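Everything below concerns the one structure shown next.
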Amino acid sequence: MAVVTRDGEAGVAAGASRPAAATRLLGSRLFASMAGLDWLAKVWWTCLSISLFAGLWELCWAMGWADPKLLPPPHIFLGNIAEQGRFFNTATRWQVGTSMTEGPSAFESVLITGAATTARVFAGLVIASVLAIGVGVLVRYYRFFDRLVLPTITLLSPVSPIAWLPVAIFLFGIGNAPAIFMVVVALFFHMVLATINQIDTVKTNFINVARTMGASKPQIYARVIVPAILPGMLQVLRMNLFGAWMVVLVAESTGVGYGMGQVIMLARNTFNPSLVFFTIAVIGVLGFAFDWLLRMAQRRILYWLPDTAERLRVL
Amino acid sequence: MSSEIAPHFSSKDAVVCRGVGKTWAAGTKRAHEALRDIDLDIKPGEFVVFLGPSGCGKSTLLYLIAGLEDATGGQIWSFSDKVEMPSPERSLIFQETSLFPWLTVWQNVSFGLAIRGASQEERRKVAAEALQRVGLIAAMDKRPDELSGGMRQRVAVARALAMRPKVLLMDEPFAALDVQTRARMQDFLLDVWRDSGASVLFVTHHIDEAVALADRVVVFTSRPGRIKTIYPIDLPRPRNLFSREAETIRIQLTELLRDEVDRAFAEQEAFATPA
Ligand SMILES: Nc1ncnc2c1ncn2[C@@H]1O[C@H](COP(=O)(O)OP(=O)(O)OP(=O)(O)O)[C@@H](O)[C@H]1O
Ligand SMILES: [Mg+2]
């Protein structure tokens, strides 16, 4: 009887899986072609969204509502990139004996400055995440660490990053270090609290399954808790990415080093709205690209998560 | 309650409960007595079904036996070891499926082996064997969210089997399945049980399921859960569930349960509407 039952079971399973596999194959093929279109559509919508905004602005200018000296429309501040780009050469700007026309070309200047700022954001983000996730896990892992460290972290987390600016300068002078420090300090405390919150919301059943299989505490942390909090943590990271971009500009503009923040400051001091808007445009593009990269990474790392946006779209 | 009772039982018994009680959040305002004075002996290789009204503490008792929670009264032994911690010898299949979404089906099934540091080939081999038994060998490389609810529950069974436990604790594992699949799963479970020689503690709300599976049915009272009766079922296996004897047993179990379910309902209603 046992044999019959088992054969029956296998038969049913195989029978059920064959059409299912066929539909899945068809589905995935359909999906692949759709995904190609999807990508194009996304680019198209992005362009449309931006041109709509730019178009409104241009309209305001054409109608004479927006003063081109204060709110120069895109065609003006993007029109003289070559000229504006020169100001990005903040690295050598203050050196004695260097004139505006020497040094890297306008395009190179923009590239160098943009890269410098991006690198600071990236470095700050990496350092802050590693530290914060490490501390967050330790807080839950060791009770004494929790008691010792958590009150201070909670106390410091509402402090605005601006308040840390003097500290950054006292500690690191000027250059890359204070800007990176600012990013780290702005993200670290929140991310520790977010990590702890993520750990606390891991399904009890997941942990219990691992316990019944004889997993030790380090194994439960490494094999269950860390993968379980990963989706939430990457989300936290993305949210904080924008925070990092904001802080790095503040840090740079107040004299710690060169970079996009310095260019904004220069534009303000020389009353150059074109340069302000051009810089804003560059920052926007950089931030957008960074977020896109992070989203790609997220999809790679979190291969198991279903697409929530798709689920909501049917509503 | 007496805290130190001499273990006067055959040390070969698979599970022994003596005066076991559990109060959730004991010592606080939210204290909530779920179980009281449970005395239970389960022989190696025995199939025992827990039957009782919802919320009477069946899951709680399984958690205690698994060692996931500490009893607040009495003691539990398993094969003469005091139960203080979870052990791979006692596998628990949870009421809600709890496969890790970041692992494939076969990785889920062999999770316990990975914990012990087994090689990839060995893990795949054991997982394949266990999945063969539940008829899901084809789904080996899928991810849990690609499976149906019933398939997931079968994977959970395979995962428990892969540990070769001596005591298999199952908390309403087939509750979400349709009648035919459930009947199939019951046959399959009986096969596995016979082959493995493990004791099975099986929680269900279905009297039919109890009649199909159990050597003994433990009927619980409403909360706090106590043992109302232990009802032995001596029908020969494989069982004919449509025989007159089976019908009699069903009727008697239904009678036993009815008062308790009524009482549980009355209590939960009183609980919901503050006097
Ligand atoms: N983690 C917990 N904390 C506090 N109380 C709990 C907890 N788990 C269960 N309880 C309470 O203990 C009682 C028994 O719950 P349990 O889950 O064991 O019931 P059950 O018999 O398995 O019910 P069901 O058949 O509905 O699954 C319930 O009244 C429940 O409210
Ligand atoms: Mg339950």
Tell me, what ³J(HN,Hα) does each residue in segment B:238-247 have, in order and in whole Hz, if you take phi through Karplus 6.51 cos²θ - 1.76 cosθ + 1.60 with θ = phi - 60° and put x for Gly and Pro? x, 8, 9, 7, 9, 6, 4, 4, 4, 4
Using amide H atoms built in the peptide plane, which far-off residues or other-chain residues are under 5 Å from B:K228 H to H? B:V219, B:F220, B:T221
In debye, nearest 20, what is the charge dipole magnitude of segment A:86-313 about its Cα centre with +1 on Lys and Arg Cβ and -1 on Asp and Glu Cβ, if you could check? 740
So with the 1.4 Å probe, I'd like the accessible area per residue for chain B, rounded to whole Å². 46
Rounded to whole Å, √(5λ) for the Cα gyration tensor eigenvalues of chain B, largest first, gives 30, 23, 20
For segment B:15-149, take the alpha-carbon Rg, divide it by the Kirkwood Rh, and send me Rg/Rh. 1.04
What's the center-to-center distance, using Cα atoms, between segment B:57-88 and segment B:122-142 in Å? 30
Shielding of B:131-139 by partners, i.e. mean partner chain Cβ atoms within 10 Å per residue? 4
Amide H neighbours of B:V15 under 5 Å, counting only residues 5+ apart in sequence or on other chains, H built in-plane at 1.01 Å? B:I42, B:F79
At what distance in nm do the modelled label points of A:N269 and B:N240 sit from each other, each positioned 7 Å from its Cα along Cα→Cβ? 10.1
Under a 1.4 angstrom probe, counting protein chains only, how are B:W102, B:W24, A:W45 ranked by accessible area, largest first? A:W45, B:W24, B:W102
On a 0 to 90 degree scale, rounded to 10, what angle separates helix B:120-133 from the longest Cα axis of chain B? 60
Give the cross-link partners of B:K82 among the lysines, using a straight C-alpha distance below 24 Å as the criterion and excluding same-chain residues fewer than 8 apart. A:K217, B:K12, B:K22, B:K43, B:K58, B:K166
Let me cross-check A:L52: its accessible surface, 1.4 Å probe, with only protein heavy atoms counted, in Å² to the nearest 10? 120
Would you please classify the overall shape of the protein assembly as shown from the alpha carbon gyration tensor, given that a ≥ b ≥ c denote the square roots of the eigenvalues, rounded means a/c under 1.5, and beyond that prolate means a/b larger than b/c while oblate covers the rest? prolate
Under a 10 Å cutoff between Cα atoms, tell me which one of B:R237, B:R216, B:R184 has the largest fluctuation in the Gaussian network model of chain B. B:R237
Return the long-range amide H neighbours of B:A198 (sequence gap of 5 or more, or a different chain), with a cut-off of under 5 Å between placed amide H atoms. none
Accessible surface buried upon B-A contact (total; probe 1.4 Å; Å², nearest 100): 2900
Under 11 Å from the Cβ of B:R152, count the other residues' Cβ atoms, weight Lys and Arg +1, Asp and Glu -1, and hand me the total. +1
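The values are calculated or read from the model by the stated rules, or taken from the named source; none is laboratory data. These figures come from a predicted structure and were not determined experimentally. All Cβ positions, glycine included, derive from the backbone under ideal geometry; neighbour counts span all protein chains shown. Heads up: the accessible areas ignore ligands, DNA and RNA and are worked out on the full protein's heavy atoms, side chains in. Shrake-Rupley method; radii C 1.70, N 1.55, O 1.52, S 1.80 Å.
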